[in-house]
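The values are calculated or read from the model by the stated rules, or taken from the named source; none is laboratory data. Just so it is clear, the structure is predicted and the values come from calculations on it, not from any experiment. Cβ: placed from backbone, ideal geometry, glycine included. Neighbour counts: every protein chain shown.
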């Protein structure tokens, strides 16, 4: 009985030590990756970009802009103005006829505003 209890305690202690060792390895790897990114200049650029965006209204502006169609749809329902939705659909049809390069440029501007790097998304897409 006591030997069984001691064995369980010893096993638990070994598991704790293993977990701490794994945690130390993971932290060391994270520090190494961080140092490599700093050496490559990636982190400095991202930190500078975040600081520059701190006082920017660009992402809020895009959020408001992208919310306008939603607001129009709901107001048209409550105000009993179905012609507003028809005009909205006409506007989207017109947007759909714009050149691809313009749509991609607009998507890149919106994505960068929200901190999404288009190059990273493109790389992930083409790796699949």
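Quick grid of which residues meet (1) modelled with pLDDT of 90 or more; (2) surrounded by 10 or more Cβ atoms within 10 Å (Cβ to Cβ); (3) touching a helix residue (DSSP H, G or I) at 6+ places or on another chain (Cβ under 8 Å):
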position: 25; (1), (2), (3): no, yes, no
position: 43; (1), (2), (3): no, yes, yes
position: 46; (1), (2), (3): no, yes, no
position: 49; (1), (2), (3): no, yes, no
position: 75; (1), (2), (3): yes, yes, yes
position: 98; (1), (2), (3): no, yes, no
position: 105; (1), (2), (3): no, yes, no
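Condition test on residue 90, is it at pLDDT 65 or above, within 30 Å of residue 111 (Cβ to Cβ) and assigned to a helix (DSSP H, G or I)?
Considered against the rule, which asks whether it is at pLDDT 65 or above, within 30 Å of residue 111 (Cβ to Cβ) and assigned to a helix (DSSP H, G or I), residue 90 comes out as yes.
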